[in-house]
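Visitor: Before I ask anything, here is the structure I am working with.
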Amino acid sequence: DKLAAVTDYVQELAYQLDVSAGGAQSSMTERWLAPGYLRQDNARADGKISVYCDGKTGWAASTTTHSSAALLGVQLKQVQSDLFRILFPLLLSDRTPGRKVNALDDRTVEISDGAGQIVRVVFDPGAGLLNSVLYDMPTANGLVSVIDTYSDYRDVGGLKLPFKDTTTVAGQKYQEVTTRNIDRKSTRLNSSHLGI
């Protein structure tokens, strides 16, 4: 019920790419609004990129190129994958029409939907907390396997949320994402907060 009560959030994230992936740093403000709206504002050394998606369509805008365009193809699929993996609705997939939830073993649950999204969620049997999420990410060169491993759990309004995500891509460490702040207690977001 505490998960179901979360209908929006704003979180600030810090990204550190692994040295093997270039070692760059960036930050992102991510806004999510139930049932399926997502806006990500990325600040990188070369400029800012903003992305919005409502689950079916979206747009991206860049200060580097001073341009904006509709999300299409691989870019749209990547953001749709991000939206599918938002933790609050993902962990409530058994309550979401059109999603299938299948226990693979005593630690692993596979979640899928009619649009072809599939993730495997692995829990820590001792703590009962989410340990990792495994999925295939669409890229211009085809699907690549990704594992997000969660740690540094902290209490946020009665929920234990991970503040660190270590991402492995195709078997190699790719980045670490640290949550600087997450606000899920604010006045309910609306479309104006998402900039649409």
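The values are calculated or read from the model by the stated rules, or taken from the named source; none is laboratory data. Since the model is a prediction, treat every value here as computed from it, not as a measurement. All Cβ positions, glycine included, derive from the backbone under ideal geometry; neighbour counts span all protein chains shown. For the accessible areas, the whole protein counts, side chains as well, though only heavy atoms, and no ligand, DNA or RNA atoms are used. Shrake-Rupley method; radii C 1.70, N 1.55, O 1.52, S 1.80 Å.
Visitor: For the pairs Lys77/Lys100; Lys56/Lys164; Lys100/Lys173, note any where the Cα-Cα span goes beyond 26 Å. Each step should come with its number before you reach the end.
Guide: Working: Lys77/Lys100 20 Å; Lys56/Lys164 29 Å; Lys100/Lys173 30 Å.
Result: Lys56/Lys164; Lys100/Lys173 exceed 26 Å.
Visitor: Another question, then. Output ³J(HN,Hα) for segment 67-79: one whole-Hz value per residue in order, computed from phi by the Karplus curve 6.51 cos²θ - 1.76 cosθ + 1.60 with θ = phi - 60°, and x for Gly and Pro.
Guide: Per residue, the Karplus-derived 3J(HN,Hα) values read 9, 9, 7, 5, 6, 9, x, 4, 4, 5, 5, 5, 6 Hz.
Visitor: Please state the charge dipole magnitude for the chain, taken about the Cα centre, from unit charges on C-beta atoms (+1 on K and R, -1 on D and E), reported in debye and rounded to the nearest 20.
Guide: That gives the chain a dipole magnitude of about 380 debye.
Visitor: Give the span of the chain's Cα atoms along each principal axis, as three whole-Å numbers ordered largest to smallest.
Guide: In descending order, the Cα extents are 49, 41, 33 Å.
Visitor: So how do Thr64, Thr139 rank on accessible area, 1.4 Å probe, biggest first, that is with the largest at the start?
Guide: Thr64, Thr139
Visitor: Here is a follow-up. Applying the Karplus parametrisation 6.51 cos²θ - 1.76 cosθ + 1.60 with θ = phi - 60° to the phi angles of segment 127-143, what ³J(HN,Hα) value in whole Hz is obtained for each residue in order, glycine and proline being reported as x?
Guide: The phi angles translate into 8, x, 8, 5, 9, 7, 10, 10, 7, 9, 9, x, 9, 4, 9, x, 6 Hz.
Visitor: Looking at Ile49, Tyr135, Ser26, which one has the Cα that reaches farthest to the positive end of the dipole of the chain (charges on Cβ: Lys, Arg +1; Asp, Glu -1)?
Guide: Sorting the options by dipole projection puts first Ile49.
Visitor: Which whole-Hz ³J(HN,Hα) couplings does segment 166-174 yield from phi under the Karplus relation 6.51 cos²θ - 1.76 cosθ + 1.60, θ = phi - 60°, glycine and proline marked x?
Guide: Per-residue couplings from phi come out as 9, 9, 10, 10, 6, x, 10, 4, 10 Hz.
Visitor: Under a straight-distance cross-link criterion of Cα-Cα below 16 Å, which lysines are reachable from Lys160, leaving out those fewer than 8 residues away in the same chain?
Guide: Lys2, Lys185
Visitor: Now for a different question. Given a 1.4 Å probe and heavy atoms of the protein chains only, how would you sort Val6, Val74, largest accessible area at the top?
Guide: Val74, Val6
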